[in-house]
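Enquirer: Sharing a structure with you now.
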Amino acid sequence: MKILNRLLELLAGDPQADRAVPPTGFTARLTLLSSGAMAFLAVFALALSLATGRLADRWSAELAKTSTLRISAPQDQMEAQTRAGLTVLQSTPGIAQARPLTDDEQRELLAPWFGPDLPVETLPVPQLIEIIEDSDGYDSTGLRARLQAEVPGAVLDDHTRWREPLVEAASRLRLLGFVSMLLIAGATAAMITLAANAALAANSQVIRVMRLVGAQDIYIARAFVRRFTLRALIGAAAGTFIGTLAVMLLPSADAAGGFLTGLGFQGWHWLWPLVIPILAAVVAFVATRQAALRTLKEQS
Amino acid sequence: MIELDNVAYNYGGAELFSGLNLQLAAGSFHFLTGPSGAGKTTLLKLCYGELVATSGQVRLFGQDARALSRDDVAHMRRRIGVVHQDCQFLDHLTVSENIALPLSVSGHATTSSDLTDLLGWVGLSQQAQQLPPQLSGGERQRAALARAVIMSPEVILADEPTGNVDWEMSQRLLALLVELNKMGKTVLIATHDISLIRAAKAQVSARVLRLKDRRLQLAGADI
Ligand SMILES: Nc1ncnc2c1ncn2[C@@H]1O[C@H](COP(=O)(O)OP(=O)(O)OP(=O)(O)O)[C@@H](O)[C@H]1O
Ligand SMILES: [Mg+2]
């Protein structure tokens, strides 16, 4: 907050200090361009992070809490085995709810393969029991052992085989997105420090004279800091705008629902990119201030 | 105001001067003379904290110059007006902006009437909006003097303030400095110009110091 206040105060500016330190076109363009490019990249890193985060959350929410028990048995034993299975499940810790699917639900599951009018009741179709875990989850190895003993026709399908690597990959991608954003911030800071140092070196005579007539370091530094902060803010705002536009224009094939087409912002997440120019300004402010105060201490 | 106590200085090579003592009392008027290269400019730089003595002690307004922080030095320079031998202007600012620079860097508002008065006083009213490189040598020195006094400093250190001007102009500049001294300012002028010193002695009681052979001495009555 303090830094933000100082930032706002700074951006209000001091025209006399601005006159005294002449702008250098080269560093100005460099800062604008690089902070614009970095902001553009940051938008994508942010989109990646948010989208994979969303994906990881959805997958684990959809998959982690449900599994199924499939009971295959001769028609006459089906009901007994189903009941036995339910009894086992209900007495297993970690299972919140176990419910046999109705014939209608089973028909619906098979409809894509056999058409809508399949007489499920008369066919030897396995009975499915939907298992909903509680937040702790159950011990699937123990459950399998018990089922084998008590309900020979039951097969537990807990999805874990293919679920975990996917969720893991999505979380990893989210992490990568975060790391990218940190790297982008770091690279921006480095670039602005270099540009600020170039500007300070180009103005060493001006700085000398200002010191001679009684200027404090902070006064001189502020003239540089203000300029670089403004440039980073403007460059990053432009980069963010273009980046967000590009994300917006990504094809949105909702039907496919794939990972690539999900790489956008959703709902209020569209506000997130607004943070990028502000962050860029803060980074520029800190980087230039450090560079200026250090250089001033070294000169004279 | 400014005291030097057994001060020595070298730029990394041989001693430029050593065992140097000097007291600039409030309201005093001093001349500093000596051959070119003797170290007059160097001595002045010690007096406004641009250089730090290699040994001995420099006290500025009673404070050890070595113990001053960078901000202290900045504040102290607002109390010491310096006419630099090479003027030290910002060439991209106008003459009047250059003269007002000490005010703007210290956060004071520049009142244009004060600035106009000062420009008239040094005879630069016509040149106010020009850039320093467009000025003649004498005009530059007058602008430098104007900048040195704009903060109404307690001490004025002038390094060859009449180096580039004709006799008449040097008399005018001297008159300005004498006038400031009569207003209570402490003045030190480094100069080669013996005739300037003679002219000054007719107007104020000035002490003349000579920096020669690495020593600072009171000049004899021959001047
Ligand atoms: N930055 C520096 N580095 C090394 N030597 C220096 C530096 N500045 C001055 N000198 C040397 O110190 C000596 C004194 O210089 P200074 O400028 O103090 O002399 P001065 O008495 O003011 O001469 P002048 O009357 O010509 O202005 C000179 O020999 C000069 O070459
Ligand atoms: Mg000199």
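The values are calculated or read from the model by the stated rules, or taken from the named source; none is laboratory data. Predicted model only: the values in this text are computed from it and were never measured. Cβ coordinates were reconstructed from backbone atoms using ideal geometry, including for glycine residues, and neighbour counts include every protein chain displayed. For the accessible areas, the whole protein counts, side chains as well, though only heavy atoms, and no ligand, DNA or RNA atoms are used. Shrake-Rupley method; radii C 1.70, N 1.55, O 1.52, S 1.80 Å.
Enquirer: If I ignore ligands, DNA and RNA and count only protein heavy atoms, how much of A:Asp76 is accessible to a 1.4 Å probe, in Å² to the nearest 10?
Expert: Accessible surface of A:Asp76 is approximately 130 Å².
Enquirer: How large is the convex hull of the Cα atoms of the protein assembly as shown per residue, expressed in Å³ as a whole number?
Expert: It is 206 Å³ per residue.
Enquirer: I'd like the per residue volume of the convex hull spanned by the Cα atoms of the stretch A:73-152, given in cubic angstrom.
Expert: 100
Enquirer: Which whole number gives the average count of other chain Cβ atoms within 10 Å of the Cβ atoms across peptide B:98-108?
Expert: Average neighbour count from other chains, rounded to a whole number: 5.
Enquirer: Could you point to the residue in B:Ile2, A:Gly153, B:Ala202 farthest towards the positive end of the protein assembly as shown's charge dipole, with +1 and -1 charges on the Cβ of Lys/Arg and Asp/Glu respectively?
Expert: Ranked along the dipole, the leading option is B:Ala202.
Enquirer: Any chance you could get the radius of gyration and Dmax over the Cα atoms of chain A, in Å?
Expert: Final numbers for Rg and Dmax: 31.2, 103 Å.
Enquirer: For the stretch B:104-223, calculate the relative contact order in percent as a whole number, restricting contacts to Cα pairs under 8 Å that are 6 or more residues apart.
Expert: Relative contact order here is 18 percent.
Enquirer: Quick one: dipole size for the protein assembly as shown, taken about the Cα centre, charges +1 on Lys/Arg Cβ and -1 on Asp/Glu Cβ, in debye to the nearest 20.
Expert: The dipole of the protein assembly as shown has a size of about 2840 debye.
Enquirer: Could you work out the relative contact order of chain A, using alpha carbon pairs under 8 angstrom and six or more residues apart, expressed as a whole percent?
Expert: Reported as a whole number, the value is 34 percent.
Enquirer: Which whole-number percent is the relative contact order of chain B (Cα, under 8 Å, 6+ apart)?
Expert: Relative contact order comes out at 29 percent.
Enquirer: Given a Förster distance of 56 Å, report the FRET efficiency between A:Phe26 and A:Asp76 from their Cβ-Cβ distance, rounded to the nearest 0.05.
Expert: That gives a FRET efficiency of 0.05.
Enquirer: If you take every DSSP beta bridge whose two residues both sit in the protein assembly as shown, what share of them, in percent to the nearest 5, is antiparallel?
Expert: Within the protein assembly as shown, antiparallel bridges account for around 65 percent of the total.
Enquirer: Among B:Thr110, A:Val206, B:Tyr11, whose Cα lies farthest out toward the positive end of the dipole of the protein assembly as shown, if unit charges sit on the beta carbon of Lys, Arg (+1) and Asp, Glu (-1)?
Expert: Looking along the dipole axis, the top candidate is B:Tyr11.
Enquirer: Based on the alpha carbon coordinates of the stretch B:1-94, what radius of gyration and maximum Cα-Cα distance (Dmax) apply, in Å?
Expert: 13.9, 42
Enquirer: Taking chain A as a Gaussian network, Cα atoms linked when under 10 Å apart, which of A:Gly214, A:Gly85, A:Gly153 shows the biggest mean-square fluctuation?
Expert: Of A:Gly214, A:Gly85, A:Gly153, the most mobile in the Gaussian network model is A:Gly214.
Enquirer: Explain nothing, just the number: dipole magnitude of chain A about its Cα centre with +1 on each Lys and Arg Cβ and -1 on each Asp and Glu Cβ, in debye rounded to the nearest 20.
Expert: I would put it at about 2760 debye.
Enquirer: Hey, another quick one. Using the structure shown, list the pairs from B:Lys45/B:Lys185; B:Lys45/B:Lys212; B:Lys45/B:Lys201 with a Cα-Cα distance above 22 Å, or answer none.
Expert: Pairs exceeding the cut-off: B:Lys45/B:Lys201.
Enquirer: Put +1 on the Cβ of each Lys and Arg and -1 on the Cβ of each Asp and Glu in the stretch A:73-152; which of A:Gln81, A:Gly142, A:Ile95 then has its Cα farthest toward the positive end of the dipole?
Expert: Looking along the dipole axis, the top candidate is A:Gly142.
Enquirer: Let me ask another. Once R0 is set to 56 Å, what does the formula 1/(1 + (r/R0)^6) return for the Cβ-Cβ distance between B:Asp91 and A:Arg172, expressed as a FRET efficiency to the nearest 0.05?
Expert: After rounding to 0.05, the efficiency reads 0.45.
Enquirer: Using only the Cα atoms, what convex hull volume per residue in Å³ does the stretch B:76-223 have?
Expert: Expressed per residue, the convex hull around the Cα atoms of the stretch B:76-223 is 121 Å³.
Enquirer: Let me spell out the model: positive unit charges on the Cβ of Lys and Arg, negative unit charges on the Cβ of Asp and Glu, origin at the Cα centre of the stretch B:1-112. What dipole size does that give, in debye rounded to 20?
Expert: Dipole size: approximately 140 debye.
Enquirer: Just checking the output field for A:200-213: average partner chain Cβ neighbours within 10 Å of each residue's Cβ?
Expert: The shielding value for this peptide is 5.
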